[in-house]
Structure formats: structure tokens, C-alpha cells
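What follows is a single structure, written as C-alpha cells, with notes after it.
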Amino acid sequence: MLDTRTEQAGTVGPTGGHEAPRTARDATVAVNGVLADHLDSRLREAHQVNKVFAREVAGRVAAFAQRGGKRLRTAFLWCGWRAVGGERDPRTLLRVGAALELLQACALIHDDVMDGSPMRRGAPAVHADFARVHRAMKMNGTPETYSTAAAVLAGDLALSWADDLLTDTALASPRGRQLHSEWQAMRCEMVAGQYLDVRAQATGSSAVEEALRIATLKSALYTVERPLALGASLGDADARTLESLRSAGRCAGLAFQLRDDLLGAFGDPAVTGKPADEDLRGRKLTYLLAVAVRLAHASDDAEAVATLKPDDIARSDNEVARMRAAMERTGARAVVEAEIADLSALSLRHFATAGADRHAQQEFASLVERAVVSASAGHEEST
């Protein structure tokens, strides 16, 4: 495995601390080294517990956490930190970033189990890899049962490692109480969003309000708003600054999720790194779907209403193609594109009111562009 620590952006000073990352990219590169160091320690502990567990579970989690991913949450964490000055010890920033990446690993591993997604980051999903091993070793029982159980445990381990790292960091920080409070809220919101997502699919919901609630809890808060607030919490951010950053993060995070919805329906697997059609085949409640249903009813498009209605059976290729056509014909795709543009612009205005300097504003704008506007050219993963 490539040791990403050789690419670390922050140099080590006389006291062993890192120089402050000058850009969001510097932070995402530097956090790879911190993450690698933390995972090395965790793997040594796992080997002391049990070698099979270390090789088959802990090793997979460590490899997955370091394979691919754009470190988007770390980048937004840096923006929040930089918005309030970015003058405190950057080691704390990088450790929080590493914890965020481990939490993301947990979310993705579990999300792929819930969605039955076979691919992630251009390779077999963790549960799919466990199923492959089950078949290769001719184990007892079914590959599906074994792989689901093993992947749930792998995700739990990633969450434990993330919590341990964040807690240790908070205990050593003068802003630890605020840092931990943001972290606690983020974890709960993430789980709530995932559950509501599963529930909406089971109930066949088409409600626009429910789709927005899920997008906010599952992605907007977790991907942008909370990382910005975590970064600001490392400084002396006042209530007004935090509110501006939260508003900026919520708008950017929603735009990010809406882009992900479009990619889930119209994206190229060669670009996104995961199969196409999953959201449509399973009729997942997305804002795109909810808007299409609403517009279909408003225009009395009976064919679109029938095509987009709930169904217990996985949809065929032809049915998926008809769903895409309905989303185009009703104007839902265009509506979502317009919402993305509006939310992106609004997020920049909110960020500017936080009092960040021009450099921080430019970095934030570049991140929003990368995550939201240019995502079709290079997929940014969400949960």
C-alpha cells in the first residue's frame, strides 16, 4: 500500500508539530499522514487481540479508509478553521480530519450493505469482498448472511476508531467540550438520516418535504455544515460566525446531495466509481424523484405518474430508462439543476458574512465548485 505520509503538506517543526496547512488541499494531503499513523497503531492493537480479526476485519477497514475518497469533509473542516483565523495548533485540526475520514468509512461500509451496492471507490464494496471470500473458502451458510454480518462489524470498528480519535483529541483541546458537542450531534443526525432514508424506501414515500429532510440529515449537515462548525470550534468562533458558517454549510451540503441525486440517476459508472441506476432501480426517495412525481401530477402526465409510483419489485432496464425519461420530460432534472445553482450561490454569500478573509472565501468557493458544479466530471462520494 502506498504510504501517503510521503505526500504530507505540513512539515514537522522543532516541537514535532505540523506547520499550518495553507490551503484546503494541503489539509487533505496532510491528513492522510495522520490517518496512516493512527491506523498503524490500531492495526498493531488488533494483532494483539487476534491475528484473524486483524487481517480480515481491521486490515480491510484500514485499507478502505485509505483507498480513494476526496477527503471533502477534511477540506470543509479546514475552511471552518481558516474562517476564524486558523492560528491554533494544526495537529488538532488534522486529527479531527482523520476522525471524520474514519466516520465516513463507517458510513460508506454500512450504506453499501443497506443499498446492496456491489462497488465503492472503483472496487468491490466491503460486504461484496467478504462475500467473495466466503465463496472462495467454501464456508458454511450463505455468502449474503456472512458478508452482511462481517461488513456491519467492519463499519462498527471504523466508528469506534473515529470516536476514540476524536475523544482523545477533544480531551487535549481547550475547545474540547464544543468540539465533542458538534461531533455528538453529527453522529446522531447521520444515523437519523440513514434510517429515514431506509424507511422512506420501505413506505414508498414521494413527499418533497421528506426527501429534503433526509438530504439535510444524511448529507448536508454531515458533509459540510458540521465539518465547518467543527473547524470553527477549534478557534474562538462567536455565535454569529458559527451561524453564518452553518448556513453556508447547509446550503452547500444540500447542493452537494442534489448533485449526487442527479449522478445516481444519470451518472456514468466509469466516472462515479459505483453502479448506475441503483437509486432508480430501488426507487429511492430523492429530491429528484419527489419533484418528478409532484410535477407529473401537476401536469396530469399519467404515464410519468405510473412510471414513478412505488413498486415492491426491482425495476428492469426498460423501466429504469422510462423513469429517466419521465424525470426529463416533467422538467424535474432542470428544476434540480436550478436548485443546485441557487444553493451554491447562497452558500458563498453566507460564508462571506462569517468574516473570513479573501483567501478562505476563495478556497471555500473552489470546494463548492468541485463538490457541486464539477461533480459530473469526477464523482464526490456521499452517504
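Listing for the model above:
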{"quantity": "Label-to-label distance, nm, for residues given as Ala306 and Ser41 (7 Å Cα→Cβ offset)", "calculated": "6.2 nm"}
{"quantity": "Three-way shape label, region 75-118, alpha-carbon gyration tensor, a/c 1.5", "calculated": "prolate"}
{"quantity": "Peptides ranked, highest mean first, by Cβ atoms within 10 Å: ranges 323-335, 45-57", "calculated": "323-335, 45-57"}
{"quantity": "Reach of Lys138 by Cα under 18 Å, taken over aspartates and glutamates that are not fewer than 8 positions away in the same chain", "calculated": "Glu56, Asp129"}
{"quantity": "Accessible surface, per residue, of the chain when the full set of protein chains is kept, probe 1.4 Å, Å²", "calculated": "43 Å²"}
{"quantity": "Cα gyration tensor shape for region 265-345, rounded if a/c is under 1.5, else prolate or oblate", "calculated": "oblate"}
{"quantity": "Cα gyration tensor shape for region 13-80, rounded if a/c is under 1.5, else prolate or oblate", "calculated": "oblate"}
{"quantity": "Contact order relative to length of region 90-230, as percent, for alpha carbon pairs under 8 angstrom and 6 or more apart", "calculated": "25 percent"}
{"quantity": "Whole-percent carbon and sulfur share, accessible surface of the chain, 1.4 Å", "calculated": "53 percent"}
{"quantity": "Of the DSSP H helices in the chain, those whose Cα atoms cover at least 27 Å axially and whose Kyte score averages 0.0 or more", "calculated": "90-115, 143-171, 239-266, 332-352"}
{"quantity": "Potential extension, Arg25-Ala202 segment - 0.36 nm per residue separation minus Cα distance", "calculated": "59.8 nm"}
{"quantity": "All lysines inside 28 Å of Lys70 as judged from Cα atoms, apart from same-chain residues fewer than 8 positions distant", "calculated": "Lys218, Lys274, Lys284"}
{"quantity": "Farthest toward positive dipole pole in region 105-200 [+1 Lys/Arg, -1 Asp/Glu at C-beta], among Ala107, Ala185, Tyr146", "calculated": "Tyr146"}
{"quantity": "Spin-label pair Ile313/Val373, simplified geometry with 7 Å Cα→Cβ offset, distance in nm", "calculated": "4.5 nm"}
{"quantity": "Charge sum, other residues only, whose C-beta stays under 14 Å from Ala99's C-beta, Lys/Arg counted +1 and Asp/Glu -1", "calculated": "+1"}
{"quantity": "Label-point separation in nm, Val152 to Ala338, each point 7 Å along Cα→Cβ", "calculated": "4.4 nm"}
{"quantity": "Computed [θ] at 222 nm, helices only, for the chain once each DSSP H run of length n ≥ 4 contributes -39500 (n - 2.57)", "calculated": "-22000 deg cm²/dmol"}
{"quantity": "Which labelled figure in (1) 30, 61, 8, 0; (2) 28, 56, 15, 0; (3) 24, 47, 26, 3, 0 is P(r) over Cα pairs in 20 Å bins from 0, in percent, once derived from the coordinates", "calculated": "(2)"}
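The values are calculated or read from the model by the stated rules, or taken from the named source; none is laboratory data. All values reported here derive from a predicted model rather than from experimental measurement. Reconstructed Cβ throughout: ideal geometry from the backbone, glycine too, with neighbour counts over all protein chains shown. In case anyone asks, the SASA skips ligands and DNA or RNA and just uses the protein heavy atoms, side chains included. Shrake-Rupley method; radii C 1.70, N 1.55, O 1.52, S 1.80 Å.
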